[in-house]
Each structure stands twice: as structure tokens, then as C-alpha cells.
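**Q** First the structure, which I've put down as C-alpha cells, then a few questions once you've had a look.
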Amino acid sequence: MKNVLLVLLLMLTCATAWAQEVNDGNQLLNRPADRTYDIILESGYLKVGVYENFPPYSYAVDGEPRGIDVELGRRIAKEMGVEFRVHWITPDENLGDDLRNNVWKGHYLAKQRLADVMMRVPYDKQYAYMQDSTGEYINEQVVLFGPYQQETWQIAYDPDKLESVKTVAVFQYHPIGVEIDTLPDFYLSSGLGGRLREQVHHYRNVADAFAAMRRGEVSAVMGMRAEIDHELGKPDNARFQLAGNGFPGIGKQVWDVGMAIKHTHRQLGYALEAIVDRLVRSGDLNRLFAGLELRYSVPQYYREFLEPEALAQAAGE
């Protein structure tokens with residue numbers, strides 16, 4: 001009997017520990033925790049939502065969170081005087097699903113598991129104020145704010161296969177690798193009236209596409225600039241080069257990246273925005289990227305009002 005009670009106590013203890021790890025709010029009706037700014041400060045930690053397995057932005061090495069969004073999250077938490085805690089995000093069908101599952105409502109299997117703030121969210125007014133067929137705002141439950149980086153598309157190529165890449169038209173005759181079901185995939189597959197389609201090779205991610213380029217399966221790889229820079233920083237990819245071409249007809253060549261919080265947590269948003277603003281203007285964010293061997297671009301948001309001298313400081317020039 002004592003053994004049975006001991007097993008039951010052990011099971012209860014383990015279950016409680018697991019619940020404390022993922023359910024840190026009110027259990028009533030299984031509602032998500034309402035972690036306001038004051039509650040976050042009292043708790044002593046900030047839960048920062050980042051995408052899992054998404055180098056160089058956020059990933060794990062031997063169980064330790066790494067990446068530019070992780071480092072920025074650590075810096076924000078330090079500025080707030082609290083501990084950084086990672087909240088790994090598994091991407092769903094679209095950004096709206098990710099915001100719902102991780103910022104304002106919670107996944108139906110783990111409604112208490114929410115991030116205090118989510119990183120790597122497009123800072124786009126058109127998306128923020130998008131309406132459905134009835135005129136209701138689709139993203140009324142979240143606030144998109146705090147642009148901290150400008151991202152763009154980039155191609156890297158094998159100089160043994162191509163002399164240069166001045167236009168994507170060259171990929172009518174040379175194979176190019178892309179991550180499947182991404183914008184580069186759709187763009188190249190439909191570009192020039194579909195004339196590139198047969199040359200587009202699909203891979204699980206950008207790293208796999210680079211591995212294919214090393215094997216000679218493709219002559220180039222297209223992805224986000226930071227992804228390309230991250231791969232070019234690896235010794236095995238040192239011989240590959242950056243292309244300087246543009247992407248006509250792609251829709252958005254460059255875009256700002258920011259953060260998202262629940263719409264009722266405005267005070268938290270103001271505090272985070274002030275911290276990120278200081279990091280951008282001081283050039284600290286540029287140095288953060290440089291420390292990870294990544295190129296940094298000041299968001300368009302700041303380019304519209306910063307004086308040339310202040311913009312140069314933010315860009316590390």
C-alpha cells in the first residue's frame with residue numbers, strides 16, 4: 001500500500017511540475033494567463049516567443065537557445081531587470097494562427113502556454129489592419145509594434161557554375177534551390193510565365209538547399225538574407241558568393257520585422273518598444289547582428305524620420 005501511495009505521490013509531483021512549466025496562469029475555465037506588465041516584473045521573468053528550428057533567427061544547440069531573436073530577447077529581458085525564458089513556437093498554417101496560438105488565445109491543447117511577446121512578426125500596417133468580408137479587423141486581438149530589423153531576399157550562387165547572377169532569368173538554364181512552400185518557391189516557380197519552374201528544386205530548408213549546392217545539384221539558393229549570410233559563414237560554403245540582383249514582381253523586396261503582444265497589454269508594449277528603440281538608435285542592434293556575422297539593415301520605419309547622422313549611427317557607419 002505504501003508503494004502505491006509513493007507512486008501516486010511521485011506521479012502527482014511530476015504532473016504538477018510539468019503543469020507549472022507550461023500552465024502558469026489561472027486554471028479557471030482553462031483560460032490563458034493574463035501576464036500584464038506588473039505581473040511580469042513581479043514574476044521575475046519574460047517569456048519571449050521565437051520560432052523553433054529557424055536559424056539564424058532562433059534555434060537550439062545542445063538544448064541551449066541561440067539566434068538573433070533569442071539574443072535580442074535576452075537583451076530586452078536584461079533591460080527590464082528580469083530573467084529571459086524562451087517560448088518555442090511551432091509554425092502553423094499562417095501568421096494569424098501563430099499569433100492566436102502563442103500571443104492572445106493559446107492552442108486548444110495548451111491554452112495556458114502563451115508568450116509575453118512574440119518576435120519576428122512583419123511590421124506591416126496593411127496586415128495589422130486587415131479586415132474580413134464583414135469588415136471586422138482580423139488582428140484586433142494583437143498589437144504589432146517595435147520594428148527592429150529590415151529583411152530582404154537574397155541569392156547565393158556557385159561561381160564554378162555561374163559567372164554572375166544579374167537577373168533571375170538566368171535560372172531558365174540553371175537549377176536553383178529553395179525551401180519548399182515559401183515565397184521564393186512560389187516566385188521562381190511562376191516567374192517569367194513559368195519558364196523557371198523546371199529549374200526550381202525544393203528542399204526542407206535553406207541549409208538543405210546549400211548542401212545540395214555543395215553536391216552540385218543546384219547552381220544557386222534563394223532565401224532570406226540572414227539565412228543566406230548564416231550559411232555562407234560556414235566553412236563548407238566559403239566558396240559560394242552573394243548575388244546582387246533584384247527581384248522584379250516579387251511583391252515585397254524588403255520588409256520590416258517587429259514584435260507582437262496581446263492587445264490588452266499595451267503597457268508592456270510601450271516598455272518593450274522603448275528598449276528596442278534605444279537598441280536601434282544607439283547602434284547596439286547592429287553590433288548584435290555583427291557579433292553573429294550577420295548583416296543588419298535599419299528598419300524603414302526609422303529611415304523615414306531619423307536624420308542622416310542618427311541613421312548612420314544606427315547602421316553602424
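**Q** Scan the stretch 68-84 for residues that are under 22 Å from Ser297 (Cβ atoms) and free of Cβ contacts under 8 Å to residues at least 60 places away in the same chain and jot them down.
**A** Here is the first cut: in the stretch 68-84, the residues under 22 Å from Ser297 (Cβ atoms) are 68-76.
Once the filter is applied, which keeps residues that are under 22 Å from Ser297 (Cβ atoms) and free of Cβ contacts under 8 Å to residues at least 60 places away in the same chain, the stretch 68-84 yields Asp69, Val70, Gly73, Arg74.
**Q** Of everything in the stretch 194-211, what is part of a loop (DSSP other than H, G, I, E, B) and either closer than 11 Å to Val178 by Cβ or at pLDDT 95 or above (or both)? Give them in sequence order.
**A** Applying the first criterion (part of a loop (DSSP other than H, G, I, E, B)) to the stretch 194-211 yields 195-196, 204-205.
The answer is Leu196, Arg204, Asn205.
**Q** Could you grab the pairs with beta carbons closer than 7 Å, sequence gap of 6+ or different chains, first residue in the stretch 42-60 and in the same structural domain as Asp98 (by TED's automatic domain parsing) and at positive phi, second one at pLDDT 95 or above and in a strand (DSSP E or B)?
**A** Pairs found: Gly44/Glu83; Asn53/Tyr59.
**Q** When residues of the stretch 30-61 are filtered for being of a type outside the set (S, T, N, Q) and within 20 Å of the chain's Cα centre (by Cα), how many remain? I'd like the intermediate steps shown before the answer.
**A** Filtering the stretch 30-61 for residues of a type outside the set (S, T, N, Q) gives 31-35, 37-42, 44-52, 54-57, 59-61.
Pick out the ones that are also within 20 Å of the chain's Cα centre (by Cα) and you get 46-52, 54-57, 59-61.
Residues that pass the stated criteria total 14.
**Q** Return the total of residues in the stretch 131-190 being more than 27 Å from Asn245 (Cβ to Cβ) and surrounded by 14 or more Cβ atoms within 10 Å (Cβ to Cβ).
**A** Qualifying residue count for the region: 8.
**Q** What do you reckon, is Asp236 over 20 Å from Leu294 (Cβ atoms), over 17 Å from the mean Cα position of the chain (by Cα) and in a helix (DSSP H, G or I)? Outline the logic, then answer.
**A** Values: over 20 Å from Leu294 (Cβ atoms): no; over 17 Å from the mean Cα position of the chain (by Cα): yes; in a helix (DSSP H, G or I): yes.
It is false that Asp236 is over 20 Å from Leu294 (Cβ atoms), over 17 Å from the mean Cα position of the chain (by Cα) and in a helix (DSSP H, G or I).
**Q** Do we find a residue being loosely packed, with under 12 Cβ neighbours inside 10 Å and more than 20 Å from the chain's Cα centre (by Cα) anywhere in the stretch 249-262?
**A** Among the residues of the stretch 249-262, at least one is loosely packed, with under 12 Cβ neighbours inside 10 Å and more than 20 Å from the chain's Cα centre (by Cα), which makes the answer yes.
**Q** Of the numbered conditions (1) modelled with pLDDT under 85; (2) over 30 Å from Glu231 (Cβ atoms); (3) not charged (D, E, K, R), Leu114 satisfies every one except a single condition; which is it?
**A** Going through (1) modelled with pLDDT under 85; (2) over 30 Å from Glu231 (Cβ atoms); (3) not charged (D, E, K, R) one by one, Leu114 breaks only (1).
**Q** Just to be sure, is Arg74 surrounded by fewer than 21 Cβ atoms within 10 Å (Cβ to Cβ), in contact with a Leu (Cβ under 7 Å, 6 or more places away or on another chain) and at pLDDT 95 or above? Show your work before the answer.
**A** Numbers: surrounded by fewer than 21 Cβ atoms within 10 Å (Cβ to Cβ): yes; in contact with a Leu (Cβ under 7 Å, 6 or more places away or on another chain): no; at pLDDT 95 or above: yes.
In short, no.
The values are calculated or read from the model by the stated rules, or taken from the named source; none is laboratory data. All of these numbers come straight from a predicted model, not from anything done at the bench. Glycine also receives a Cβ, built like all others from the backbone with ideal geometry; neighbour counts cover every protein chain displayed.
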